[in-house]
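Notes follow the structure.
The values are calculated or read from the model by the stated rules, or taken from the named source; none is laboratory data. Note that the structure is a prediction, hence the values are computed from the model and not measured. Cβ sites come from the backbone with ideal geometry, for glycine too, and all protein chains shown count toward neighbours.
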Amino acid sequence: MRPYDQYCPIARAAEVLGDRWTLLIVRELTLGPEGFNEIGRGLPRMSRGLLSQRLRHLEELGVVERSPRGDGKASAYVLTPAGEELRGLIQGLGEWGARWAFGEPREAELDAPLLLWKICRRIDDGPRAERTVVRIDFRDDRSWYWVVLDANGASLCLKNPGFEVDVELRTDLRTLFEVWHGRRDLADALGDRTLRLEGQRGRVQLFRNLLARLSPMAHAVRAAQEGAGARARELPADGATR
């Protein structure tokens, strides 16, 4: 981006982070070392050419570096010490957004593959001895997706993987987004059946427990809702005086 030509720490920081998508790239990297394609999956509407340009810019400024992977894959991008110090900024920005800028989801934001990939990344806590296949049926999207939990961890399939389905999740996309981000409680969504989990009892309970590992910002969204509710209860009724 063009420099502000102001000798000010805030202006200099804005020159590093103020470009479109840059803060979201840093957000992705706070979740752990990522390969280029993995970062891109978290930012599906960003062109790969622009992603490459932004990562190169962050490397040049000492915010990001490439580190070899032990699995023989291409190198991963990791935050440098300067980049690690941005974790607090990202967290604080998310908390501010939860309080003041996070209302109802917009239609353009309801991206099913992106949400399910984020859920898979959140629940991918290691291999499992027994494979569990979850089919997700979005009533409003009229699409099916599959999450496979097995020896490779958790993976999202956009086509039928050919395994027997153990658990079926039926809901609408908006509900799952709101549950994931902490705007709705999972137990409430199950209770009013806007979200349904059906299948083998043990497998259903397993996936329910995993699904309860919500977005890293869910706690901030819940706290913001509780705070807004408390402020609303303190307001006097129309016509009342204090």
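Only one of 169, 176 is closer than 16 Å to residue 116 by Cα, in the same structural domain as residue 120 (by TED's automatic domain parsing), at pLDDT 90 or above and not in a helix (DSSP H, G or I); which?
Among 169, 176, only 169 is closer than 16 Å to residue 116 by Cα, in the same structural domain as residue 120 (by TED's automatic domain parsing), at pLDDT 90 or above and not in a helix (DSSP H, G or I).
Scanning the range 18-42 for residues that are over 30 Å from residue 4 (Cβ atoms) and small (Gly, Ala, Ser), which turns out modelled with the lowest pLDDT?
32
Would you check if there is a residue in the range 182-190 being modelled with pLDDT of 95 or more, assigned to a loop (DSSP other than H, G, I, E, B), in the same structural domain as residue 114 (by TED's automatic domain parsing) and more than 24 Å from residue 100 (Cα to Cα)?
no
Take the residues of the range 194-203 that are modelled with pLDDT of 95 or more and more than 21 Å from the chain's Cα centre (by Cα): which is farthest from residue 103 (Cα to Cα)?
Applying the filter and picking the extreme gives 199.
Can you tell me which residue is nearest to residue 223 (Cα to Cα) among those in the range 161-185 that are crowded, with 18+ Cβ neighbours inside 10 Å and over 16 Å from the mean Cα position of the chain (by Cα)?
171
Kindly provide the set of residues from the range 134-147 that are out of contact with any helix residue (DSSP H, G or I) (no Cβ under 9 Å at 6 or more places or on another chain) and either acidic (Asp, Glu) or at pLDDT below 95 (or both), ordered by number.
Hits for the range 134-147 are 137, 142, 144.
Tell me which residues, restricted to the range 125-135, are without any contact (Cβ under 8 Å) to a residue 40 or more places away in the chain and either basic (Lys, Arg) or surrounded by 15 or more Cβ atoms within 10 Å (Cβ to Cβ) (or both).
128, 131, 133, 135
Specify the residue that is nearest to residue 31 (Cα to Cα); the eligible residues are those in the range 111-166 that are of a type in the set (S, T, N, Q) and assigned to a loop (DSSP other than H, G, I, E, B).
152
Residues to consider are 63, 78; find the one that is in contact with a His (Cβ under 9 Å, 6 or more places away or on another chain) and surrounded by 15 or more Cβ atoms within 10 Å (Cβ to Cβ).
63
Filter the range 87-104 for residues that are in contact with a helix residue (DSSP H, G or I) (Cβ under 6 Å, 6 or more places away or on another chain) and either assigned by TED's automatic domain parsing to the domain that holds residue 27 or among the basic types (Lys, Arg) (or both) and give the result.
Answer for the range 87-104, where residues must be in contact with a helix residue (DSSP H, G or I) (Cβ under 6 Å, 6 or more places away or on another chain) and either assigned by TED's automatic domain parsing to the domain that holds residue 27 or among the basic types (Lys, Arg) (or both): just 99.
Determine whether residue 202 is free of Cβ contacts under 8 Å to residues at least 12 places away in the same chain and of a type in the set (Gly, Ala, Ser).
Against the criterion (free of Cβ contacts under 8 Å to residues at least 12 places away in the same chain and of a type in the set (Gly, Ala, Ser)), residue 202 qualifies.
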